[in-house]
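The values are calculated or read from the model by the stated rules, or taken from the named source; none is laboratory data. Everything quoted here is computed from the prediction, not taken from an experiment. Quick reminder, even Gly has a Cβ in these numbers, built from the backbone with ideal geometry, and neighbours come from all protein chains shown.
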Amino acid sequence: MKKLFVSAFVAALTLSSCSSDDDSDILNEKNIDVPVSYDFTRNGESTVNFEGQTTRLQMSAELLSNFTDFDNASEEMLLNMFANENSPFANEDLNASSKSIKSKVAASNLYFATNNVEASEIKSDFESWITEQMTTVKANKDVLAEAGQAGQIAQGTRVRYVNGKGLELNQAFAKSLIGGLLADQILNNYLSQPVLDEADNRLNNDDELPEEGKNYTTMEHKWDEAYGYLYGDPSIPASNPNSILNESDDRLLFSYLGQVDEDEDFAGLAEETFEAFKTGRAAIVAGDYVVRDEQVAIIRENISKTIAVRAVYYLQDGKNLLANSEFGAAFHALSEGYGFLYSLRFTNDPMTNMPYVSVSDINNFKDQLLSGNGFWEVSPDTLDSISEKIAAEFDFSVAEAAE
């Protein structure tokens with residue numbers, strides 16, 4: 001019954017995303033001018049700015065590119081990149097920045113403002129993956145991996161590096177970062193009412209009162225910062241990101257939104273998400289906070305669904321590869337699946353303002369995947385059971401996600 005209600009709720013919200021002439025008429029009546037591209041100006045100058053998000057995406061890309069560079073990277077170097085300490089980046093602009101990846105991991109207003117213990121544990125998870133990669137895995141990089149033994153494992157002509165449970169720590173880190181940094185900041189921080197409507201934000205936005213020395217209001221900027229975590233990679237055209245869908249250099253959330261959109265069962269997800277971002281931003285300019293919040297619900301559902309679909313996809317892909325004894329490819333898929341499963345913690349169900357899957361269930365899933373010798377002995381039944389439970393919470397089928 002809940003799923004039927006949610007579907008009806010989301011269907012109603014979608015009416016605000018400019019998908020038809022009738023919807024455009026409704027927005028016109030509300031004096032909401034939704035542009036074709038993500039371009040907003042005041043007095044002839046752009047009001048869009050998400051430089052901080054681009055900076056963190058660049059930091060993440062450089063960190064991840066060094067995760068398997070055992071000849072040149074070290075534990076200290078990667079930990080410094082995570083925290084932006086001691087000038088670790090090749091890009092000097094990143095070293096000069098006051099921003100860091102670590103400071104925004106598990107740092108949203110909704111989920112972690114009063115949840116410091118779990119936030120600290122999550123940050124420690126990311127640091128522990130770096131430490132294990134650059135100590136145990138690095139020390140055994142020339143050893144053939146086996147159950148309980150870190151080392152290398154072949155995937156065709158490629159070499160993968162795994163810990164004793166078969167987990168590729170670089171994949172766990174990257175896919176967990178999609179949730180722990182990007183989704184958490186988008187869904188649970190910048191698009192949350194406590195952040196958008198903090199203090200006098202509504203009054204100042206209604207009065208078009210910009211931040212000191214800036215051309216944008218605080219509310220406009222908060223919305224743009226959410227936008228930047230999805231579309232802020234330098235290779236993505238900021239005003240028309242879907243023009244390069246599945247062709248950009250991005251390897252985080254935007255990349256996987258595109259991959260899910262390619263599945264005919266989820267076709268249109270990327271366009272609907274972009275339309276919601278544009279419409280919500282236009283609603284802020286018009287001072288219509290009802291329409292704004294309707295778009296937040298669409299964005300929350302779509303980004304959350306992207307994470308869930310990829311979790312199920314990779315768990316099923318890993319299961320099928322294990323059946324063919326393709327262990328390198330299977331462990332790679334399962335490692336990605338593990339990271340997306342970890343990222344479920346940061347999804348947001350617009351009906352409850354909480355994750356679609358409970359923290360206890362997510363922890364149970366992780367334990368099931370990595371118990372004993374982990375991927376070396378995980379059963380098809382376990383992978384199917386986890387996949388089915390995730391899919392049920394999002395109201396899609398395992399078969400739809402696995403294609």
Margin query: So, in the range 148-201, how many residues would count as being at positive phi and aromatic (F, W, Y)?
Written below: 0
Next item on the list: Look at E118 and say whether it is outside any loop (DSSP other than H, G, I, E, B), closer than 29 Å to P350 by Cβ, out of contact with any strand residue (DSSP E or B) (no Cβ under 9 Å at 6 or more places or on another chain) and modelled with pLDDT of 95 or more.
Entry: yes
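Checking the condition at pLDDT 95 or above and over 19 Å from the mean Cα position of the chain (by Cα), which residue from L369, L341, L334 passes? Don't jump to the end; show me each part of the working.
On the way: L341 fails: over 19 Å from the mean Cα position of the chain (by Cα); L334 fails: over 19 Å from the mean Cα position of the chain (by Cα).
One residue alone meets the criteria, L369.
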Item checked: All helices (runs of 4 or more DSSP H) inside the range 295-403 with 1 or more residues being closer than 28 Å to A270 by Cβ and out of contact with any Leu (no Cβ under 9 Å at 6 or more places or on another chain) -> 327-343, 380-394, 398-402
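Anything in the range 204-255 that is of a type in the set (V, I, T) and either crowded, with 18+ Cβ neighbours inside 10 Å or touching a Leu at 6+ places or on another chain (Cβ under 7 Å) (or both)? List them, or say none. Walk me through how you get there before you give the answer.
Of the residues in the range 204-255, the ones of a type in the set (V, I, T) are 217-218, 236, 244.
Passing the criteria: T217, T218, I236.
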Note to self: Among the listed residues I284, I244, I307, identify the single one that is under 16 Å from the mean Cα position of the chain (by Cα), aliphatic (A, V, I, L, M) and at pLDDT 95 or above.
What the structure shows: I307
Notebook entry, point to check: How about the range 275-305: which of its residues are under 19 Å from E225 (Cβ atoms) and β-branched (V, I, T)?
Noted result: T279, I284, V285, V296, I298, I299, I303
Check: Quick one: which helices (runs of 4 or more DSSP H) sit completely within the range 145-261 and have at least 3 residues that are free of Cβ contacts under 8 Å to residues at least 24 places away in the same chain?
Finding: 201-206
